[in-house]
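No value in this document is a laboratory result; all are computed from the given coordinates. Please read these numbers as outputs of a predicted model, since none were measured by experiment. Every residue, glycine as well, gets a Cβ built from its backbone with ideal geometry; the counts of neighbours run over all protein chains shown.
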Amino acid sequence: MELMVQLIKTLGALHEDEACKKFHQLSLAIKYCHDLDVLHQDLKCDNLLLDKDFNIKLSDFSFSKRCLRDDNGRMTLSKTFCGSPAYAAPEVLQGIPYQPKVYDIWSLGVILHIMVCGSMPYDDSNIRNMLRIQKEHCINFPRSKHLTGECKDLIYHMLQPDVNRRLHINEILSHCWMQPKAWELPSVTTNKDGESSRETETLRTPEPDSDKRSANKLEPEGETQPQAQPQAQPETKPEGAATPMSRQSEIPGFPNELSTRETEEGPPHPTTASREAGLELLAAEGMR
């Protein structure tokens, strides 16, 4: 088994069709969990394994838990703040009791952005500044990746700071970009080689009406966090207990959003031959 993060580090951003295939597999795994009222709460590329055929396997359920419901069967807000800051939703970083399932949806949006752009959507080296950008609903997409409007639309609505407007897993699976198309690609490829332009385009949400309020319009309160292969369960933490968050941006060689703004003097993309050689190497290592 190999990690998804290793594949992207080696080959760069995935072709949209290949990313769609893998993201569809991941979304089905999350739907299976959510239908059972199970939350993952630590979705990130490090927890996505690839088998010898490069199919997604979801792992590391150490932070997972079941949703709690009241006497009327309604889901209660969660007070468990855990995960990795770079993948955590704004309401979790602020320590606000949150709707549990939509936390996983935000993390899915970060993962898809990494798949198709090869970089993090936000720089988590400064949590307060990251929160401000997230709450402005500002997302950068490198122009050199030539992403389709449908792909950007899906990411944009998963990385929605207003939890009442964020997509649910069934809406993700029914999105037009997620419908089966060219999923028979022979290998993983990156977007067009030799692109020198690294400009980014930014999507921003329209200014909300004055009488509409987002559930996340609070100022930051500090820097607080299928066929699956769960790891051993850690010591159980009580509801409401703050859990230290790991820092995804510390992974060597994995760029954040700011590092996508390269100049024309930046390093060229690897050739197609080198990418195919990298795939063969990853496949060989995965079969050992």
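For the reader, a short list of remarks on this structure follows.
- Among the trypsin sites (Lys or Arg not before Pro) in segment 42-93, those located in a DSSP loop and surrounded by at most 11 other Cβ atoms within 10 Å of their own Cβ are R74.
- The chymotrypsin sites (Phe, Trp or Tyr not before Pro) of segment 21-123 include none that DSSP puts in a loop with a beta carbon having at most 10 other beta carbons within 10 Å.
- Over 24 Å between alpha carbons, listed pairs K22/K135; K21/K79; K44/K152; K31/K57: K22/K135; K21/K79
- Taking trypsin sites (Lys or Arg not before Pro) across segment 113-166, the ones in a DSSP loop with at most 15 further Cβ atoms lying within 10 angstrom of their Cβ are R165.
- The largest-to-smallest principal axis extents of the Cα set in segment 1-136 are 48, 35, 23 Å.
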